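Chemist: Got a structure here, written out as structure tokens. Questions coming.
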Amino acid sequence: MSKTLERPKYPDYTGREPCRSTDPEAFYCEYHNPSLKKSLAKICGGCEIQAECAEYSIWSESVGYWGGLSAPQRRKIRRERGIILNDELRQSAVWKG
């Protein structure tokens, strides 16, 4: 018997999340600045919807820092769960010829 997995919905933001007062661009440049990655982890770690955001990002986001997870961390989780995003399929096709 196979199990159908549902994609989580976009997190319900209350407007009080710590990321709301952070420059959104910061969440897409963690690879260029290791200390920024630590700051983002701290921001996400103190958020009331961190788990929802992380789960959404595992299913929906291939770039950026979401819910305390970097893109490589999400790729690892997706591999473990057998989840493949469409853009990852395209990248795989390009890299494998």
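The values are calculated or read from the model by the stated rules, or taken from the named source; none is laboratory data. Every value quoted in this text rests on a predicted model; they were computed, and no experiment measured them. FYI the Cβ positions are ideal-geometry reconstructions off the backbone, even for glycines, and counts take in every protein chain you see.
Chemist: As an exercise: evaluate SER60 against (1) more than 20 Å from ILE77 (Cα to Cα); (2) at pLDDT below 90 and give the number of the one condition it does not meet.
Modeler: Unmet for SER60, out of (1) more than 20 Å from ILE77 (Cα to Cα); (2) at pLDDT below 90: (1).
Chemist: When the stretch 1-16 is examined, which residues are found to be over 17 Å from ILE58 (Cβ atoms) and either at pLDDT below 80 or surrounded by 12 or more Cβ atoms within 10 Å (Cβ to Cβ) (or both)?
Modeler: MET1, SER2, TYR13
Chemist: Restricting attention to the stretch 17-56, report how many residues are at pLDDT 85 or above and not in a helix (DSSP H, G or I).
Modeler: Result for the stretch 17-56: 7.
Chemist: Hey, can you tell me all the residues within the stretch 57-73 that are over 16 Å from TYR10 (Cα atoms) and in a helix (DSSP H, G or I)?
Modeler: Matches in the stretch 57-73: ALA71, PRO72, GLN73.
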